[in-house]
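A.B. asks: Quick one: the structure is below, questions incoming.
The values are calculated or read from the model by the stated rules, or taken from the named source; none is laboratory data. Quantities reported herein were computed from a predicted structural model and do not represent experimental measurements. Here the Cβ positions follow ideal geometry from the backbone for every residue, glycine too, while neighbour counts run over all protein chains shown. Calculation scope for accessible area: heavy atoms of the full protein, side chains included, ligands and nucleic acids excluded. Shrake-Rupley method; radii C 1.70, N 1.55, O 1.52, S 1.80 Å.
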Amino acid sequence: MHDTVIRGGTIVDGTGAAAYTGDVALDGQTIVQVGGKAGPAKREIDANGLLVTPGWVDVHTHYDGQATWDSELAPSSWHGVTTILFGNCGVGFAPARNEDHSALIGLMESIEEIPGIALADGLKWNWETFPQYLDALDQMKRSIDVAAQIPHHPLRVYVMGDRAINREPASAEDIAAMRDHVVAGLKAGAFGFTTSRTNSHKTPTGDMVPGRYSEVDELLGIGSAFKGLGYGAFGVNSDFDDEAEELAWMTKFGKETGRPVWFLLTDRPTDITRWKRLMQGVHKARSEGAMVTAQIAGRPVGVMLGIDTALNPFSIRPSYQALLQLPVAERIKRMQDPAFRAQVLAEAPSPALLHRLSQFRQLITTSWHRMFPMGDPPNYEPEEKDSIAAIAARSNHSPDEVAYDYLAQGADKFLFFPIVGYSADNLDVIHAMLNDDATILGLSDGGAHCSSIVDASVPSWMLIHWARDRSRGPRLPLELMVKRQTSETADFFGFHDRGRLAVGKKADVNVIDFQKLRLHVPEVRYDLPMQGRRLVQRVDGYHHTFCAGTEVFANGIYTGATPGRLVRARAG
């Protein structure tokens, strides 16, 4: 007798094969039958009319801190994700000496917008080296599985001290020491190494991060740690200051180590042909034998602008700054005062406050045509006719008046501000990227940008929008959307035991009502340690989510089960 049989569902197995109807049987932590008619079970689930898929494998999150104190790992776990990978963008909390704890918290708060008060209270720091960090993660049970990569910025500070913070070049001895630490981390189970070379990442004071201008010799020297291991990937978030040079060293790394190297790729409003040039570079590198890959977002990376979020069009104006010390209800009351409204609207943005913003958020001063009132359900492919600029053009008001009056209605009003991935006023570029087999889906940023972006819902949205609801262009096959976030992500990073509904694979399974799958409007909660603020987004339509054969979510409610473990990388 099986432990669980999911009967008569529409099986989308994660391989890209056509969906079919049948049973899925689970025994212990393992899938033991897929398709056909399974025998009796201790528990049977009627999945007639429902999708049965592998659990999502989300490879771009920032739960580095939250995973050390939180067993539920929401909001990603709400959206059918059963494996999360963090340590992305070169930021994290290991290795770390005691004297560097505050700086690393500040760096994570500045780059990934995770409240410093929450990190300071939640992090126990019962580690120093990266292998010790993995051991600390291993001590805690969770709803879903976690895995980690080695981040460059804390490693550079650990080896170089203040010289790293001052962005001084690494010596040969520094590079050798960093390489040795990466070797140790990979052997302990890290899934790779990541770095950041972008102006989008700044310290709390607005300076560039420690690894921003690291020389190619440093990156290749650290990368030599991968030689001979047979697992692990090298990840980069880069502005591609010199596109040819950047692609050249990535190609060199790939050919010398035999390991994949990936970089984040979005459609940027400041250079609308950049993504095509870089994809051409990816294909050229692959033709030369290097596994270079672009990691892409499934929808525009959009900042949520509101009264109780990190940013809105008026929060960089001097008079509005005084409101940030007030409770939200009092803030709304002040915004609705005509005299205060006139005062704010008469002001120009503060250059000092604007300087602290990442490069694309600085477009907030001029991009009224890229700000959209968020409806219910949220629309992530809005038309320009629905923008603040277009609404203002149809009225007797300026764009900033329209935006101000909309936001002043309450804290539940948001403007969706897609900063990258929306240059063409539609998602045709992302559609093209999703159809390119030299890309991998990522960039959900679960656990990060707590008060400005909530893209942890992307795994659900991939099915809702691309496979079912898109009306402004061609859709994509359901089977492809499932494959994109199961077998593809699992195989790329080396999660060999999951990502498919197949006999012998780990019993990570979603049972989904595809027709009723629906995203809620994002909401602000103060439920991180020390009442830290974060945006979350609920979803309807997940009937069951199993991790390792144990049901962790039933009809969207956490069961309290903790089958999730740390996954350590190993050669396949």
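A.B. asks: Go through the range 472-499 and give me each residue that's part of a loop (DSSP other than H, G, I, E, B) and surrounded by fewer than 22 Cβ atoms within 10 Å (Cβ to Cβ).
C.D. replies: Arg472, Gly473, Pro474, Arg475, Leu476, Pro477, Gly494, His496, Asp497
A.B. asks: Which pairs turn up if I take residues in the range 272-292 that are under 18 Å from Ala424 (Cα atoms) and look for partners that are basic (Lys, Arg) and surrounded by 13 or more Cβ atoms within 10 Å (Cβ to Cβ) with beta carbon separation below 8 Å, at least 6 apart in sequence or on another chain?
C.D. replies: Short answer, once both residue conditions are applied: Arg274/Arg268; Trp275/Arg268.
A.B. asks: Here are Gly549, Gly572, Gly560: which of them is open to solvent by 30 Å² or more (accessible area, probe 1.4 Å), at positive phi and over 21 Å from the mean Cα position of the chain (by Cα)?
C.D. replies: Just one listed residue meets the conditions, Gly560.
A.B. asks: Any idea which of (1) open to solvent by 10 Å² or more (accessible area, probe 1.4 Å); (2) among the hydrophobic types (A, V, I, L, M, F, W, C); (3) farther than 20 Å from Arg484 by Cβ is the one Ala19 doesn't satisfy?
C.D. replies: Going through the list (1) open to solvent by 10 Å² or more (accessible area, probe 1.4 Å); (2) among the hydrophobic types (A, V, I, L, M, F, W, C); (3) farther than 20 Å from Arg484 by Cβ, Ala19 breaks only (3).
A.B. asks: Still on this model: Counting only residues that are closer than 23 Å to Thr270 by Cα and of a type in the set (D, E, K, R), which one in the range 401-435 is least open to solvent (accessible area, probe 1.4 Å)?
C.D. replies: Applying the filter and picking the extreme gives Asp425.
A.B. asks: From the list Ala548, Ala554, Ala571, which residue is touching a His at 6+ places or on another chain (Cβ under 7 Å) and small (Gly, Ala, Ser)?
C.D. replies: Sole residue among the options that is touching a His at 6+ places or on another chain (Cβ under 7 Å) and small (Gly, Ala, Ser): Ala554.
A.B. asks: From the list Thr257, Thr273, which residue is hydroxyl-bearing (Ser, Thr, Tyr) and more than 24 Å from His153 (Cα to Cα)?
C.D. replies: None of the other options fit; the residue is Thr273.
A.B. asks: Name the residue that is farthest from the chain's Cα centre (by Cα), counting only residues in the range 133-151 that are part of a loop (DSSP other than H, G, I, E, B) and either more than 19 Å from Pro75 (Cα to Cα) or without any contact (Cβ under 8 Å) to a residue 12 or more places away in the chain (or both).
C.D. replies: Here the residue is Gln139.
A.B. asks: A further question follows. Can you say whether Ser367 is closer than 30 Å to Asp64 by Cβ and among the hydroxyl-bearing types (Ser, Thr, Tyr), as far as the supplied structure shows?
C.D. replies: In short, no.
A.B. asks: Being hydrophobic (A, V, I, L, M, F, W, C), outside any loop (DSSP other than H, G, I, E, B) and within 22 Å of the chain's Cα centre (by Cα) is true for just one of Leu278, Leu323. Which residue is that?
C.D. replies: After applying the criteria, what remains is Leu278.
A.B. asks: A follow-up question, please. Residue under question is Gly65, and the condition is that it be touching a His at 6+ places or on another chain (Cβ under 9 Å), at pLDDT 95 or above and within 20 Å of Gly446 (Cβ to Cβ); does it hold?
C.D. replies: no
A.B. asks: Still on this structure, I have one more. Among all residue pairs at least 6 apart or on different chains, which show Cβ distances below 8 Å where the first residue, located in the range 53-82, is within 22 Å of Asp497 (Cα to Cα) and the second is in a loop (DSSP other than H, G, I, E, B) and aromatic (Phe, Trp, Tyr)?
C.D. replies: From residues that are within 22 Å of Asp497 (Cα to Cα), the pairs are Val57/Phe495; Leu73/Tyr63; Ser76/Tyr63.
A.B. asks: Assess whether Leu353 counts as being open to solvent by less than 60 Å² (accessible area, probe 1.4 Å) and either at positive phi or assigned to a helix (DSSP H, G or I) (or both).
C.D. replies: So Leu353 passes the test.
A.B. asks: Please tell me if Gln139 is in contact with a strand residue (DSSP E or B) (Cβ under 7 Å, 6 or more places away or on another chain) and either open to solvent by less than 40 Å² (accessible area, probe 1.4 Å) or modelled with pLDDT of 95 or more (or both).
C.D. replies: Answer is no for this residue.
A.B. asks: I've got another one for you. Tell me which residues, restricted to the range 49-74, are in contact with a Lys or Arg (Cβ under 8 Å, 6 or more places away or on another chain) and open to solvent by 10 Å² or more (accessible area, probe 1.4 Å).
C.D. replies: If the condition is that a residue be in contact with a Lys or Arg (Cβ under 8 Å, 6 or more places away or on another chain) and open to solvent by 10 Å² or more (accessible area, probe 1.4 Å), then Thr68, Trp69, Asp70, Ser71, Glu72 are the ones that fit.
A.B. asks: Given the conditions (1) hydroxyl-bearing (Ser, Thr, Tyr); (2) open to solvent by less than 20 Å² (accessible area, probe 1.4 Å); (3) at pLDDT 95 or above, which single one is not true for Ser224?
C.D. replies: Result: Ser224 fails condition (2) only.
A.B. asks: Checking the condition open to solvent by 40 Å² or more (accessible area, probe 1.4 Å), of a type in the set (S, T, N, Q) and in contact (Cβ under 8 Å) with a residue 40 or more places away in the chain, which residue from Gln362, Gln336 passes?
C.D. replies: Gln336
A.B. asks: Which of the residues belonging to the range 308-320 are in a loop (DSSP other than H, G, I, E, B) and either at pLDDT below 90 or not hydroxyl-bearing (Ser, Thr, Tyr) (or both)?
C.D. replies: Asp308, Ala310, Leu311, Asn312, Pro313, Phe314, Ile316, Arg317
A.B. asks: Go through the residues of the range 187-195 one by one and say whether even a single one is touching a strand residue (DSSP E or B) at 6+ places or on another chain (Cβ under 6 Å), without any contact (Cβ under 8 Å) to a residue 60 or more places away in the chain, part of a strand (DSSP E or B) and surrounded by 21 or more Cβ atoms within 10 Å (Cβ to Cβ).
C.D. replies: Among the residues of the range 187-195, at least one is touching a strand residue (DSSP E or B) at 6+ places or on another chain (Cβ under 6 Å), without any contact (Cβ under 8 Å) to a residue 60 or more places away in the chain, part of a strand (DSSP E or B) and surrounded by 21 or more Cβ atoms within 10 Å (Cβ to Cβ), which makes the answer yes.
A.B. asks: Let me ask something additional. Any residue at all in the range 327-344 that's aliphatic (A, V, I, L, M) and closer than 21 Å to Ser423 by Cα?
C.D. replies: No; the residues of the range 327-344 include none that is aliphatic (A, V, I, L, M) and closer than 21 Å to Ser423 by Cα.
A.B. asks: Give the residue that is nearest to Leu517 (Cα to Cα), with candidates limited to residues of the range 376-400 that are among the hydrophobic types (A, V, I, L, M, F, W, C) and open to solvent by 40 Å² or more (accessible area, probe 1.4 Å).
C.D. replies: It comes out as Ile391.
A.B. asks: Residues that are of a type in the set (S, T, N, Q), at least 2 per element: which strands (runs of 3 or more DSSP E) completely within the range 20-132 meet that?
C.D. replies: Once the strands (runs of 3 or more DSSP E) in the range 20-132 are filtered for at least 2 residues that are of a type in the set (S, T, N, Q), what remains is 30-34, 81-86.
A.B. asks: Here's something else I'd like to know. Being hydrophobic (A, V, I, L, M, F, W, C), open to solvent by 10 Å² or more (accessible area, probe 1.4 Å) and either within 24 Å of Gln149 (Cβ to Cβ) or not in a loop (DSSP other than H, G, I, E, B) (or both): is that true of Ala456 here?
C.D. replies: no
A.B. asks: Just the residues that are buried (at least 19 other Cβ atoms within 10 Å of the Cβ) and over 28 Å from Ile272 (Cβ atoms), please, taken from the range 235-257.
C.D. replies: Correct list: Phe253, Thr257.
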